[in-house]
Amino acid sequence: MMMRKNLLSLLFAVIIGMQAFAQDKTVSGKVTSADDGTPLPGVSVSVKGTSRGTTTDASGVYKISVSGNATLIFSFIGFTSQQVGVNNRTIIDLQLASDAQELSEAVVVGYGTQSRRTLTGSQASVKGSEIATMPTNSFDKALQGRAAGVQILGANGTPGGAAQVRVRGVGTIKGGTDPLYVVDGVQINSNSGSAAFTSSNPLNYLNPNDIESIEVLKDAASAAIYGAAAANGVVLITTKKGKSGATKVSFDYFTGMVEPTQYLDVLNTQEWIAVRNEALINQSPTTEPGAAMRTTLGAIRLDPALTTDQIAALPTYDWQKESYVSGRTNNYSISLNGGSEKSTFYLSGSYNGTDANVRNVDYKGGNINAKISNKVTSRLTVDNSINLSSFIQRGQFGGPGGGSFLGSPTFSAPLILPHNPFYKDDGTYYGTPADGGIAGILNQNVLMVSDLNKIESRVNQAIASTVLTYKIMKGLSFRPSASIDYRFIKGFNFQDPRTADAFNVRGRIQNQNTENINFILNAVVNYDKQISSVHNISALAGAEYRKDQSENVQQSAEGIPTPQFTVAGAAANPITTFASWSAFKKAGVFGRVSYDYAGKYLLGLTARYDGSSRFGANNLWGFFPGISAGWDLSQEAFLKNNAYVNQLKLRVSYGSLGADQIGNFDSRGLYGGGFNYGGVSGIAPTQLANPNLRWEQNITTNFAIDYGLFNNRVQGSLEYFIRTSKDLILDRPVTWLSGYSTISENVGELQNKGLEFDIKTVNIDKSANNRGFKWTTSFNFTQIDNKVTKLYDTLTTLPGRAVDGWIKIGYPVNSIYTAEYAGVNPATGRAMWYDNNGNIIYRLAGNPDSYSKIIGGQIPKYYGGLTNTFSFKGFDLEVFLNYEFGRTVFNNQSAFMAENGGRLFNTLRSIYENRWTTPGQITTVPRPFNGNAETLGSGITAGSRFYEDASFIRVKTLTFGYNFSRDLLKKVKIDRARLYVQGYNLYTWSKWTGFDSEFINLGSGNNGAIPQPRTITFGLQLGL
Amino acid sequence: MKGKYSFKIAVLGLVLTFASCTDLLDVEPRASIDSVTALTTEDAVNAAVNGIYDRLQSTNLYGRDLVAIPEALADNGRATNKSGRLNPEYQNQVNAHFIHWQTSYFAINQANLVLDALPKVEKMTQANKDFVEAQALFIRGLLYFELMRAYAYEPSVEIKEASKGGVPLLKSGVVDATQIKLESRASINDVYESIYGDLTASIAKFTSSGRTATASFANKTAAQAMFSRVALYRGDYTNAAKYATDALAAGSVGRFQTRDTYVSAWRAANHPESIFEIQYQTNENIGVNTSLQTSYTTLVASGNRTQTGGFGDLVPTKALLDAYESEKDADGKTIVDVRRSLYELGTTGRGTAEIECTKFLGRSGQVNLDNIPVIRVSEMYLNRAEALARSGNAAGALTDLNVIRTRAGLPAATGLTGAALITEIMKQRRLELAFEGHRFFDMKRLGMDITKAAPVQSLAFTDFRMLAPIPIREIQANANLKQNTGY
């Protein structure tokens, strides 16, 4: 290649040399990249208005003969073209700025690459460099707010914890909503990552510094090539490869502080005693006040005879400060890449240690990544890669999703009665189980529980692949590959015999091991052809086979001799053993044809025929086609070379995708084991058969405009989509008289409609000399309407759903159906609700339909991000905001904290201060009442009262950096060096009353979920 | 061209690989088996019977609800609100009631599948088949009875205008969707006839099988004892007395305890009086939230008030405790009733210390792990005493009554007849079987109003809350099913 280019340059030079006689001036110069100052070979240099031109040589140098008043046009793929007047100069050196959106670059698409200019599907791109410094462990969380149509929420604030990624809304009711992750062609099993004892993310294995680019395939036209697995979108991750040349070394380091974003303002000892007393008196007004106070004090193990002065002198202990703590984060990443003409390599290693903002919860992990590419012959290339990773997380008591566990610091710390001290005078824990616990319903010393228990999960993972690329002839290649994604998850839960939950059984040890093997074989044939220089055809055909198998073994044992023994073998009583095995197989053939006429008229056809063992015997196979077309107006004569319109592409696509995220054996009729009795094994029927069970289907229609204006200083896309999800699998209830609860059937339908808009602008650019001021902005916005459109029979509402999982035609999936809170009766201080006739009621009794209505949904209606970047003389400042609106979630932590002495635990100060105390008072906080339900009244936290607006705008990152000047670095033989400081989750605007509204309800709401942390990091990036 | 040739081979290879794999997408589960062919061997049928017993362990059935909720709904138990559990039942809140509809019908389907499969099982002796059949019939009869006493009126006290009949009767198993029947509620009489039929057949099959069993499994004595209880509920006093006599005569399971062993019997892993007792292994521990031990007491061991275990959510009412201490001797001193020893002061670990029932105290050697008696011998004396009293045999009734009284340490009753006799039998029944899941059902079958002390309100027999609500989803899924009045 290189040689041919040189030859070509030589030829040009000769021709130009010959023509030189006719010209009056020779201009020469060097073209370099504005990004990093490196010479750019192969830049086309042409004389405006003529057919004359040349290209730069290997060192970026060109020479051309022109007239003194000519204009030179410099153009190069991936860079913004520039026109320069000669003005009688003989030397013109030039820096070309990279094209902000790289309109012409090759982008990764399913099983191949394609020029961005000819893309007709809907695809969002994020560069690895944009997210490399984010302190998130896994790249999915770093994508939050970066791509239109992609909504991401961290499950909680656990370092290395899980995240929820949703591409274009929720397209299923029962199935999974995760997109398919494909890393360098390997379909990753993203389900088996949840270790039982910690919140864990299967994507932690990938070092964000290794990521070159991330592509999110959003419509059927782009994703149909992944057929039955593509309905929730496909995320293609491409990692960095070796490049031939001298070995380059990159070193990236950051270190910093992880801290809680806030502490909740709760009552002190005196206030709590007062409000508890009030609650008792409100319940029985005839009680003599002194008796009520004696009851209050006695119940929390204080001397009932304490005087007012003695009560005033009682201390207050802040359990939150002891439980929610600051920690450290450290991240090291190093990579080497280089190679010869025949062989290239990319080697990297990383280590990350991050504490949570909660006591005794942290993450430690690292990976080693090796990619080697070898040209065996001129036709055959072998690519091998292996990524080994291991990480260990220490988790919190009670499990990954939190929960109302008395021993969990995240749940209990704000609720523990504040007169309880942490330690006894001798420095040992106060309120051990042997001492009868601490006072109040939250009777465990959570510091002790947190310090003594050991809750861990380790994930070891190996992902390896071998790819052969064989060039059969020009334009035709054959590429078979084999890959494996192996994961071993080891959960360990040691409950110390000194802690409450294991005190009576003298310690408990649980082990859980899960092994997941995901094996993929595929082969792809690629064909590219240009006919009479305007017809470009590219075709691809392939086949794929995948087997994914998961095996789980668990045991628990009780009764250990002393706390030093932390293996189950030392325990006296084996309690349980459990094992499970599950697997699925998939096979498919697929193809794609792309055609364009001179880059103007674009057409794409994609299809996949897919089969999966998960479906019923009558419906194993499905067909998923996609068609797309585009028209790039900017390539038409009337717009070509127009200085204001650089791109104007209309796109439309239509197609069908399958969803297969259901249980591996959901279609089978089964008798299951484990129904044991009296030490003898037993079996029982567990599932009704449905041999007709088939894929859920997503039909997507997409309309879009891609634009690039004013020399590409303004560019972006506007898209409108309709995603109809059909044949949704629902567990259709059958009468329990049958011996079963449900049968899985393809009966539901829902629709997501939405708008996606993104824009990138260069507002000010004085950076032509690389050191001037530059300000760029990028903004993205997504609006989504989610609506259930069909259920089975004549149903308008799916039966048997939870209050916050309501499925009703015309409303979003998992809407919230409850009674609207009507505030407090000013005369009595009692909590009130509205029934469905708008009448005030005090008790939610009888048929829930008489007082419930849909009060909100859990799917955000709008979300996106805004980035402003400023750079000046080597300094850069980036402010990245992300936002989300329209999500309503139950705040059960705040519901607990709103009891105002109704039970024996603490309360939020804002609730206390706004409580009803006197007739005529207008407030939303009912009077304190022992037990929280007035006579013939419902509990004060019932209904809509604690379904809160979880909308937020967040300063996700604020980064201030300095790039050392290249000249200075040259002297110490360093290519590039950057220092930065970054704040993550710096500030949040939200109406949420708890710690943080960013969490996924994993079954227990936000109770005990570790809140999102604030992280401040200092980083260094070096290139040698 | 060499390249083209190898390309053809590769494509051919690919096609052949796909084509030759007829099992390309075959995956068989390893933790389950196909339901259509599951019950074709003796091993499988035996395992399937065991799978029915497993359901009985559910907290909805004997694991907690059928034992604790009758005490909370009626006048024996008072909720302490320490965990909040059983408080709604204690307050007789609407919908706070029994919820064993689902579990019971699941188990009934399992029993039906076993009964359907038995004739087709090869290489199994008739005696073994009879033994399996006897067990399946016993559990089916037992569960229809449990459904009836929660969801329907007993025939003698049926409130005609409120009654919606018995419960749906299903007698054949379901493995695929086409076999599902939307059955309506059978008449009360039909269901009782069916229960009689199942228990009669069960007794016969136990006899013909020649097999005996311990109280841990269904057995002939259990079927007889259950027949006695069902007959008592039906108001069929002849059979109630007859089958009580049969059960007492058998003697192979369930030994009547003396006063000396009365308390220690409640500390043994299996209560020696049990005729049928649900077994729990260590891995089946119901745990600190809903086990009977945690429901009834904060103690982990009798007499040890320093260590707190469970919540102690339901404690004896003052009325119940007073009833144990209601008889005085000649000197006016309270006569000590041995049964009162099963109540003692709990710990302060969950709040105020209360006097708590200690019948379930981790008898199986682990906290919150108790085997749960469903029928024990003492009940047979009480059943027969009541049946005889109600059929005019006061002398016979007194004899049986005094077996219970004297064992408790009370003097033998003399001269009682008519209503006074029945009142005393009912009182001894309450004291003997308190916190074992009888009180609410005994009051309901006799049409008694439930009197409760303030702050909760009493419940008249005519109140709709005497019957449990059928789960709403069942009404929605089955148009032929009528909900109980009031819900």
Exposure-ranked with fewest Cβ neighbours within 10 Å first, A:PHE703, B:PHE138 stand as A:PHE703, B:PHE138
The range B:288-362: relative contact order in percent, alpha carbon pairs under 8 Å with at least 6 residues between: 37
Quick query: amide H of A:SER65 versus all other amide H atoms, modeled in the peptide plane; which residues come in under 5 Å with a sequence gap of 5 or more or a different chain? A:VAL27
Report, please, the projected area of the range A:718-779 averaged over directions, based on the convex hull of its C-alpha atoms, in nm². 7.8
So, in nm, how far is label A:TYR595 from label B:GLU193 when the simple model puts each one 7 Å beyond its Cα toward the Cβ? 7.7
Distance between the C-alpha centers of the range B:338-372 and the range B:138-162? Whole Å please. 31
In a shell of Cβ-Cβ distance under 12 Å around B:GLU158, excluding B:GLU158 itself, what net charge do Lys and Arg (+1) and Asp and Glu (-1) give? +3
Running Debye on the protein assembly as shown with equal point scatterers at the Cα sites and no solvent, what base-10 log of I(q)/I(0) appears at q = 0.05 Å⁻¹? -0.49
Top positive-direction residue, dipole computed over the range A:445-558 with Cβ charges, set A:ALA500, A:ALA557, A:ALA464: A:ALA464
Using R₀ = 41 Å, calculate the FRET efficiency as 1/(1 + (r/R₀)^6) where r is the Cβ-Cβ separation of A:ALA58 and A:LEU603; round to 0.05. 0.60
Whole-Hz ³J(HN,Hα) from phi, Karplus 6.51 cos²θ - 1.76 cosθ + 1.60, for the range A:498-503, glycine and proline x: 7, 8, 4, 6, 10, 5
In nm², the average projected area of the convex hull spanned by the Cα atoms of the range A:665-784 is 14.8
In peptide A:435-448, what is the residue-averaged number of other protein chain Cβ atoms found within 10 Å of each Cβ? 2
For a 24 Å ceiling on Cα separation, which of these pairs sit above it: A:LYS174/A:LYS808; A:LYS141/A:LYS760; A:LYS861/A:LYS991; A:LYS766/A:LYS971? A:LYS766/A:LYS971
How far, in nm, would the chain grow between A:ARG379 and A:ALA637 when pulled straight, counting 0.36 nm per residue and subtracting the alpha carbon separation? 88.9 nm
Exposure proxy order (Cβ contacts within 10 Å, fewest to most) of B:SER216, A:SER681: A:SER681, B:SER216
Least to most buried among B:THR178, B:THR214, by other C-beta atoms within 10 Å and fewest first, runs B:THR178, B:THR214
Step by step: find N for the range A:423-489, compute 2.2 N^0.38 Å, then divide the Cα radius of gyration by it. What's the final number? 2.64
In Å, the C-alpha Rg and Dmax of the range A:150-276 are 21.0, 76
Estimated translational D of the range A:512-606 in µm²/s (Stokes, Kirkwood radius over Cα pairs; 10 °C; 1.306 mPa s): 86
Expected vector for the range A:241-248, Karplus 3J(HN,Hα) from phi with 6.51, -1.76, 1.60 and θ = phi - 60°, integer Hz, x for Gly and Pro, equals 10, x, 10, 5, x, 4, 5, 10
Taking only Cα atoms of the range A:446-604, the Rg to Rh ratio with Kirkwood Rh works out at 1.33
FRET E, pair A:THR26, A:PHE773, Förster distance 41 Å, beta-carbon r, rounded to 0.05: 0.70
Once you put a point 7 Å from the Cα of A:VAL534 and another 7 Å from the Cα of B:ALA301, both along the Cβ direction, what distance in nm separates them? 9.6
Spatial separation of Cα centroids for the range A:625-698 and the range A:326-349, in angstrom: 35
For A:VAL183, which sequence-distant residues (separation of 5 or more, or a different chain) have an amide H within less than 5 Å of its own amide H, given hydrogens modelled in the peptide plane? A:ILE188, A:ILE237
In nm, what is the difference between 0.36 nm times the number of residues separating A:PHE875 and A:ASN513 and their Cα-Cα distance? 125.4 nm
Debye intensity ratio I(q)/I(0), log10, chain B, q values 0.05, 0.12 Å⁻¹ (C-alpha model): -0.22, -1.11
Between A:THR113 and B:ILE472, what FRET efficiency comes out of the Förster formula 1/(1 + (r/R0)^6) with R0 = 60 Å and r the beta carbon distance, rounded to 0.05? 0.60
Which value in nm describes the separation of the simple spin-label points at B:ASN480 and B:VAL456, placed 7 Å from the Cα toward the beta carbon? 3.7
Starting from the amide H of A:GLU212, placed 1.01 Å from N in the peptide plane, find each other amide H under 5 Å away whose residue is 5 or more places distant or on another chain. A:THR238, A:THR239, A:LYS240
Please enumerate, by chain and number, the lysines with C-alpha under 24 Å from the C-alpha of A:LYS63, excluding those fewer than 8 residues away in the same chain. A:LYS5, A:LYS25, A:LYS30, A:LYS48
Starting from 0.36 nm per residue, how many nanometres of slack lie between B:THR282 and B:ALA249 once their C-alpha separation is accounted for? 8.5 nm
Taking the Cα centre of the range B:249-317 as the origin, how large is its charge dipole in debye, to the nearest 20, when only Lys and Arg (+1) and Asp and Glu (-1) carry charge on their Cβ atoms? 200
Go through the range B:58-139 and name the GluC sites (Glu not before Pro) that are in a DSSP coil and have 10 or fewer other Cβ atoms within 10 Å of their Cβ. B:GLU122
Toy charge model, Lys and Arg Cβ at +1, Asp and Glu Cβ at -1: chain A dipole around Cα centroid in debye, rounded to 20, equals 3160
Once you charge only the Cβ atoms, +1 for Lys and Arg and -1 for Asp and Glu, what is the size of the charge dipole of the range A:95-254 about its Cα centre, to the nearest 20 debye? 140
Considering only A:VAL165, B:ASN304, A:ALA220, whose Cα is most displaced toward the positive end of the charge dipole of the protein assembly as shown, charges sitting on Cβ of Lys, Arg (+1) and Asp, Glu (-1)? A:ALA220
Any idea what the relative contact order of the range A:151-308 is, in percent, if you count C-alpha pairs under 8 Å spaced at least 6 apart? 17
How long, wide and thick is the range A:583-664, going by the Cα atoms along their three principal axes, in whole angstroms, largest first? 58, 20, 17
Trypsin sites (Lys or Arg not before Pro) within the range B:45-135, DSSP loop, no more than 16 other Cβ atoms inside 10 Å: B:LYS123
Kindly flag which residue pairs out of A:LYS424/A:LYS454; B:LYS328/B:LYS359; A:LYS364/A:LYS956; A:LYS241/A:LYS342; A:LYS127/A:LYS241 have an alpha-carbon separation exceeding 19 Å in this structure. A:LYS424/A:LYS454; B:LYS328/B:LYS359; A:LYS364/A:LYS956
Mind jotting down the distance between the C-alpha centroids of the range A:898-953 and the range A:180-228, whole Å? 43
Using DSSP to define loop residues, name the trypsin sites (Lys or Arg not before Pro) in the range B:404-487 whose beta-carbon has at most 15 other beta-carbon atoms within 10 Å. B:LYS482
Relative contact order computed over chain A (Cα-Cα under 8 Å; 6+ residues apart), in percent: 11
Rounded to whole Hz and in sequence order, give me ³J(HN,Hα) for the range A:181-186 from the Karplus expression 6.51 cos²θ - 1.76 cosθ + 1.60, θ = phi - 60°, writing x for Gly and Pro. 9, 10, 9, 6, x, 9
Working from Cα positions, state the angle (0 to 90°, nearest 10) between the long axis of helix A:289-299 and the longest principal axis of chain A. 60
Projecting the Cα atoms of B:ALA413, B:SER264, B:ALA72 onto the charge dipole of chain B, where Lys and Arg contribute +1 and Asp and Glu -1 at Cβ, the residue farthest towards the positive end is B:ALA72
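Laboratory data are not the source of any read-out in this text; all were calculated from the coordinates shown. What you see is a predicted model, and the numbers here were worked out from it, not measured in a lab. Note: ideal-geometry Cβ built from the backbone for every residue, glycine included; neighbour counts use all protein chains shown.
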